[in-house]
Amino acid sequence: MSVRLFDWRDFPSIHRYHRDCVYMDSALVLTRGPLFVEGALFSSFLSPSMVGVFTCVLDGEEADEESIIGQFTHFSDSPFSKLTFLSPKSALNSPRISTLLEYMTVLSGEKGSLRILADVEENTQAFESLRKFGFATFTWQRVWQITGVPADRSLNSTWRTATSRDIIPIRSLYSNLVPPLVQQAEPFSTQIPKGKVYRQGESVLAFVEIEIGRRGIWMRPFVHPDTENMSDRLLELVSSIPGRRSRPLYLCIRSYQAWLESAIEKLGAIAGSRQAVMVRQIAISQKAARPFALPALDTGQSEIPAPVAHYLSSPSFVEKQNPGQLEKE
């Protein structure tokens, strides 16, 4: 079986599979739409590393055996990759899917990724196929859609855009709320957080990660349990998002923040299916031990020191130590 990157020969297949695939990156699909065709086209004409989208194809062995197509994204500043889709759906039942996944995993590792992630609905064939291939669930999530809450500009919002001075308190909030298993799979970004913070005094009690796309707006909250009137805070948050227009809002609630769901329900949000957030480890990040090289103190040959007796018998030495001694002798 031949596995390779997508090229112009695969255009008929990718159009045929356009509506027959399983998407595995919820944030990407809900904000920008599927990168099925768009990403494949860019990666065929440009270097995949330039666009961060890698579309891979497993050719069939027989003439009547269909090809299997998969896609993942990886950007140079990220420690992980994300599966975008696998297609067609019928291929998830085939043992051939493991060959494609192995190729994608190796390619992801070559690009510098330490792990590969996927969002998959539970009780589906995709979930079982990834588990067989070595993916493990590290948390669960549910995506809530908010469409009927208009922006109320009269509200005095308590949220403000995160800046560089918020990095340390947001990191502290993240460390206290997120389980260690999740932190290992999705470490806190070293860049300035993109989103909004809610402060009470000098303390940051909530941070909402926001990603805005042409199809919708994705939000993932990290909220301290001490935060009061969460329904009101969420209403203020919705009203403070600039340029929302008619785009739907999506709130991704992880299992360790499930207590927020009751507040979201009060906004009339619609709950999606529960998803398993899965990971396959590619490599382990370790600091390389590098010996400290001392500069050479003497690059030439060492000189043989003169005997101590030579110095003791030297007239100049004796004269310096005992002036007039030579005259007496």
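The values are calculated or read from the model by the stated rules, or taken from the named source; none is laboratory data. Treat the numbers as computed from the prediction; the structure is a model and nothing was measured. FYI the Cβ positions are ideal-geometry reconstructions off the backbone, even for glycines, and counts take in every protein chain you see.
Provide a single number: the residues in segment 177-186 that are surrounded by fewer than 16 Cβ atoms within 10 Å (Cβ to Cβ) and assigned to a loop (DSSP other than H, G, I, E, B).
1
Working carefully through the options LYS111, LYS82, find the one that is in the same structural domain as THR31 (by TED's automatic domain parsing), crowded, with 21+ Cβ neighbours inside 10 Å and among the basic types (Lys, Arg).
LYS82
So SER240 clears everything in (1) within 21 Å of the chain's Cα centre (by Cα); (2) surrounded by 13 or more Cβ atoms within 10 Å (Cβ to Cβ) except one condition, right? Which one?
(1)
Could you look through segment 14-30, keep only residues that are crowded, with 19+ Cβ neighbours inside 10 Å and not in a loop (DSSP other than H, G, I, E, B), and pick out the one that is modelled with the lowest pLDDT?
Of everything passing the filter in segment 14-30, ILE14 is modelled with the lowest pLDDT.
Residues checked against (1) modelled with pLDDT under 90; (2) closer than 17 Å to ASP7 by Cα:
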site: ASP59; (1), (2): yes, yes
site: PHE72; (1), (2): no, yes
site: SER81; (1), (2): no, no
site: ILE97; (1), (2): no, no
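So which of ALA269, ALA276 is crowded, with 18+ Cβ neighbours inside 10 Å and closer than 25 Å to GLN200 by Cβ?
ALA269
Just one of VAL106, VAL120 is within 19 Å of the chain's Cα centre (by Cα), β-branched (Val, Ile, Thr) and within 22 Å of ASP10 (Cα to Cα); which is it?
Just one listed residue meets the conditions, VAL106.
Tell me yes or no: at least one residue of segment 131-140 is aliphatic (A, V, I, L, M) and surrounded by 15 or more Cβ atoms within 10 Å (Cβ to Cβ).
Scanning segment 131-140, I find no residue that is aliphatic (A, V, I, L, M) and surrounded by 15 or more Cβ atoms within 10 Å (Cβ to Cβ), so the answer is no.
Which ones in segment 187-234 are outside any helix (DSSP H, G or I), among the aliphatic types (A, V, I, L, M) and either more than 21 Å from the chain's Cα centre (by Cα) or modelled with pLDDT of 90 or more (or both)?
Result: VAL197, VAL204, LEU205, ALA206, VAL208, ILE210, ILE212, ILE217, MET219, VAL223.
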